[in-house]
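Written out below as structure tokens is the structure these notes cover.
The values are calculated or read from the model by the stated rules, or taken from the named source; none is laboratory data. Everything numeric in this text was worked out from a predicted model, so none of it was measured. We place every Cβ from the backbone using ideal geometry, glycine too, and count neighbours over all the protein chains shown. Ligands, DNA and RNA are stripped out before the accessible areas are found, and what is left, the full protein with its side chains, is counted by its heavy atoms. Shrake-Rupley method; radii C 1.70, N 1.55, O 1.52, S 1.80 Å.
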Amino acid sequence: MHALKKYMASSIGKKQMMGATGISLYFYLIVHLAGNIAMLFGAERYNKYGYLLLHEMAEIIVPVEIILIFAILIHIRLAIQLTLENRAARPVAYAMKKSNQQTLHSASMMMTGSAILIFIFIHVANFRFGGAGMGGMPIVTYDGVAMKDLYGTMMRAFSQWWYTGAYVVAMMLIFSHLSHGVQSSLQSLGFNHPKYTPFVHFAGRAYAILISGGFILLAIWAYFQHGGTP
Amino acid sequence: MNFTLRVWRQRNAADPGAFQEYQAKDILADMSFLEMLDEVNIDLVHKNQEPIAFESDCREGICGTCCQMIDGEAHGPETGTTVCQLFMRSFKDGETIVIEPWRARAFPIMKDLIVDRTAFDDIIAAGGFVTANVGGAQDGNNILIPKPDADTAMDAAQCIGCGACVAACPNASAMLFVAAKVSHLAHLPQGRPEKARRALAMVSKMDGLGFGNCRNHYECEAACPKEISVAHIAKMNREYGSAALLSDQDPSS
Ligand code: FES
């Protein structure tokens with residue numbers, strides 16, 4: 001155990017933990033996006049999907065949520081620690097410094113990450129915990145089973161242009177974060193191969209576009225439903 | 001050619017330091033950057049002023065002592081080159097050139113453009129070697145090494161320890177330097193038996209010296225005068241991960 005602790009305190013151990021927690025989070029996003037597609041099939045289908053997750057599959061979903069919370073906490077803690085250590089490593093800044101490989105995405109990980117954290121708080125309050133901050137969720141009944149009207153709550157939220165707009169901005173931040181994060185996580189875990197690395201760089205960017213683009217398209221689709229229940 | 005130089009002057013480690021402007025006049029396009037500074041220094045000596053302190057040794061791009069941040073880039077604007085191999089034809093006549101020392105907590109400034117890179121020696125001393133006494137040079141093919149392994153090891157072994165990777169890294173991380181040695185020796189049969197111990201000892205030393213953490217910006221690779229690839233960093237990440245988690249060696253050893 002002592003050795004494990006030392007590994008986690010080392011610079012490489014920290015970046016590998018950062019990468020591993022990042023992978024679990026961005027892998028979760030694709031599952032989340034796939035689930036959200038259910039909304040295209042109408043209120044009943046989507047509400048039943050939500051009910052399925054929180055009631056019939058709670059034995060799986062709750063542990064997964066706990067793992068994700070831990071992953072986020074570790075990711076945040078390491079981000080803060082790495083940022084402070086990196087600042088201390090260069091106490092006097094250069095008067096002039098050019099970048100040749102650094103991208104806007106890689107340079108702004110801390111900023112996009114912090115903004116995404118705020119988004120997660122709002123998003124989880126709004127849709128995971130019964131419409132907190134949005135006046136709660138009404139109840140609907142299908143085949144004698146009462147469940148939360150997640151679909152209606154979502155449609156009402158996204159019928160407001162500013163809500164959809166803010167959501168799109170948040171997804172763009174996720175795009176930026178993943179653009180660097182996906183390939184960075186693999187490099188940290190030691191995956192670099194002359195045959196696959198160029199593809200990994202491309203695939204990382206493609207994955208970022210797929211995730212953020214997918215959520216954005218669904219949000220815009222929801223906006224054009226004008227809060228109605230088709 | 002004529003240039004205006006903005007050079008960092010700092011009397012000693014305790015001095016706060018500041019930029020000073022100098023004129024470099026009648027410089028030939030085929031002079032190296034260091035020869036240009038020599039001209040400026042001769043001028044300063046004639047005027048009874050303190051010459052600009054900078055380091056150089058081989059002046060042929062193999063020793064790694066000529067460390068300068070030129071116009072915000074380690075070793076200047078050309079890729080794959082050291083300051084001594086940078087020529088004034090790479091600059092425009094009349095240009096203003098900003099010259100700074102490497103800036104990193106682990107590389108304290110000693111005077112003007114000279115920094116103390118003892119930290120690199122400490123990392124090598126911690127494990128960047130093979131402990132077996134191998135005696136004299138052996139016959140070339142006594143130990144058979146596959147050509148691709150020998151090539152990869154040679155790519156990494158090209159490191160001249162100049163510190164440009166640390167200087168260029170936004171986080172002042174020494175990962176590329178350490179990775180080059182870990183990867184170099186791990187690719188060869190002579191270095192392989194001790195690879196776990198070596199990776200653990202060198203990384204632990206690096207962490208203790210106050211370098212920053214790698215965040216995969218890859219600025220080091222772009223700045224390296226020997227163009228050492230960040231693939232060696234991934235190799236070190238693998239070596240360190242498996243050494244720390246799977247080998248019987250202790251991470252602090
Ligand atoms: S003086 Fe030796 S590398 Fe430049």
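General remarks:
- Residue check, residue B:202 touching a helix residue (DSSP H, G or I) at 6+ places or on another chain (Cβ under 7 Å), at the interface with another protein chain (Cβ under 10 Å from one of its Cβ atoms) and either open to solvent by 10 Å² or more (accessible area, probe 1.4 Å) or in contact (Cβ under 8 Å) with a residue 60 or more places away in the chain (or both): no
- In summary, residue B:20 fulfils each of the numbered conditions (1) open to solvent by less than 20 Å² (accessible area, probe 1.4 Å); (2) polar (S, T, N, Q); (3) more than 13 Å from the ligand (Cβ to nearest atom) with the single exception of condition (1).
- Here residue A:194 passes the criteria (1) outside any loop (DSSP other than H, G, I, E, B); (2) open to solvent by 20 Å² or more (accessible area, probe 1.4 Å) except the one numbered (1).
- Only a single item in (1) closer than 25 Å to residue B:13 by Cα; (2) without any contact (Cβ under 8 Å) to a residue 60 or more places away in the chain; (3) within 14 Å of chain A (Cβ to nearest Cβ); (4) more than 15 Å from the ligand (Cβ to nearest atom) is not met by residue B:103, and it is number (2).
- Residue under evaluation residue A:16, criteria (1) modelled with pLDDT of 90 or more; (2) touching a Ser or Thr at 6+ places or on another chain (Cβ under 9 Å); (3) of a type outside the set (Ser, Thr, Tyr); (4) surrounded by fewer than 18 Cβ atoms within 10 Å (Cβ to Cβ), criterion not met: (4)
- Considering residues of the range B:119-174 that are in a helix (DSSP H, G or I) and within 12 Å of the chain's Cα centre (by Cα) only, the residue farthest from residue B:65 (Cα to Cα): B:168
- Of all residues in the range A:136-157, those being among the charged types (D, E, K, R) and outside any loop (DSSP other than H, G, I, E, B) number 2.
- Residue in the range B:219-230 that is within 12 Å of another protein chain (Cβ to nearest Cβ) and more than 18 Å from the chain's Cα centre (by Cα) present: no
- Restricting the range B:66-75 to residues that are more than 6 Å from the ligand (Cβ to nearest atom) and assigned to a loop (DSSP other than H, G, I, E, B), the residue that is farthest from residue B:4 (Cα to Cα): B:67
- The set of residues from the range B:54-70 being of a type in the set (Gly, Ala, Ser) and open to solvent by 20 Å² or more (accessible area, probe 1.4 Å) comprises just one member, B:56.
- Of all the residues in the range B:42-53, those that are within 19 Å of residue B:107 (Cα to Cα) and open to solvent by 80 Å² or more (accessible area, probe 1.4 Å) number 0.
- Of the helices (runs of 4 or more DSSP H) entirely within the range A:1-103, those holding at least 3 residues that are more than 27 Å from residue A:145 (Cα to Cα) and touching a helix residue (DSSP H, G or I) at 6+ places or on another chain (Cβ under 6 Å) occupy A:11-36, A:58-89.
- Inter-residue pairs, beta-carbon under 8 Å, first among the polar types (S, T, N, Q) and in the range B:70-97, second away from the ligand (no atom under 15 Å from the Cβ), 6+ apart: B:79/B:222; B:90/B:77; B:96/B:3; B:96/B:4; B:96/B:5; B:96/B:6
- Of all residues in the range B:26-41, at least one satisfies being away from the ligand (no atom under 15 Å from the Cβ), of a type in the set (S, T, N, Q) and out of contact with any His (no Cβ under 7 Å at 6 or more places or on another chain).
Conditions (1) assigned to a strand (DSSP E or B); (2) within 13 Å of the ligand (Cβ to nearest atom), marked per residue:
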site: B:51; (1), (2): no, no
site: B:54; (1), (2): no, yes
site: B:61; (1), (2): no, yes
site: B:64; (1), (2): no, yes
site: B:77; (1), (2): no, no
site: B:81; (1), (2): no, yes
site: B:84; (1), (2): no, yes
site: B:93; (1), (2): no, no
site: B:98; (1), (2): yes, no
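- Matching residues, the range B:203-236, being outside any helix (DSSP H, G or I), away from the ligand (no atom under 16 Å from the Cβ) and not aliphatic (A, V, I, L, M): B:210, B:211, B:212, B:213, B:214, B:215, B:216, B:217, B:218, B:229
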